[in-house]
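What follows is a set of notes on a single structure, which appears directly below.
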Amino acid sequence: MSIKSYNKNSIIDCIQQEFIKENIPLINIGDSIKMSILIQEGNKKRIQNVEGVVISKNNSKLNTTITIRKVVQNIGVERVYLIHSPLIKYIKILRRSKIRQAKLYYLRSRSGKATRLKTRFSKKVF
């Protein structure tokens, strides 16, 4: 078969499918997560741990991103991470929160105890 007979989107989906990670936990907005990221400084590689709250998520197959917010020395820091990046070694969910909004941008204007989110408890059936 020639390439012309294939749909462009199906070719792209086939290529992207082999790079999608399967061992990623289900991440929701409001979750407190801990990630381990591989950082290269010159010739050295090291692992840096990042911990924060997921304030937004953009789902688009291989290009799925999350925005993590944390407070460092009384300054709010936000960073966008590609979930399926090979530089991310693992993601661990520390706490899940009960929220009603898709984006938690309102946390930017709050500080201290006002940034706390209600904890969501999972129901376990025995």
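Quick rundown of the values:
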quantity: Tally of residues being without any contact (Cβ under 8 Å) to a residue 60 or more places away in the chain and either exposed (fewer than 12 other Cβ atoms within 10 Å of the Cβ) or aromatic (F, W, Y) (or both) across region 91-109; calculated: 4
quantity: Looking only at region 63-78, and only at residues there that are out of contact with any Lys or Arg (no Cβ under 8 Å at 6 or more places or on another chain) and more than 14 Å from S32 (Cα to Cα), the one that is least open to solvent (accessible area, probe 1.4 Å); calculated: V72
quantity: Selection from region 81-105 of residues that are outside any loop (DSSP other than H, G, I, E, B), of a type outside the set (V, I, T) and out of contact with any Lys or Arg (no Cβ under 7 Å at 6 or more places or on another chain); calculated: Y81, L82, K89, Y90, R95, Y105
quantity: Counted residues, region 1-59 - those being more than 19 Å from the chain's Cα centre (by Cα), at pLDDT 90 or above and not in a strand (DSSP E or B); calculated: 2
quantity: Tally of residues being exposed (fewer than 13 other Cβ atoms within 10 Å of the Cβ) and touching a strand residue (DSSP E or B) at 6+ places or on another chain (Cβ under 6 Å) across region 25-44; calculated: 2
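The values are calculated or read from the model by the stated rules, or taken from the named source; none is laboratory data. Bear in mind that the values here come from a model prediction, so they are computed numbers and not experimental data. Here the Cβ is made from the backbone with ideal geometry for all residues, glycine too, and neighbour counts use every protein chain on show. Areas reflect the complete protein model, heavy atoms only, side chains present, ligands, DNA and RNA absent. Shrake-Rupley method; radii C 1.70, N 1.55, O 1.52, S 1.80 Å.
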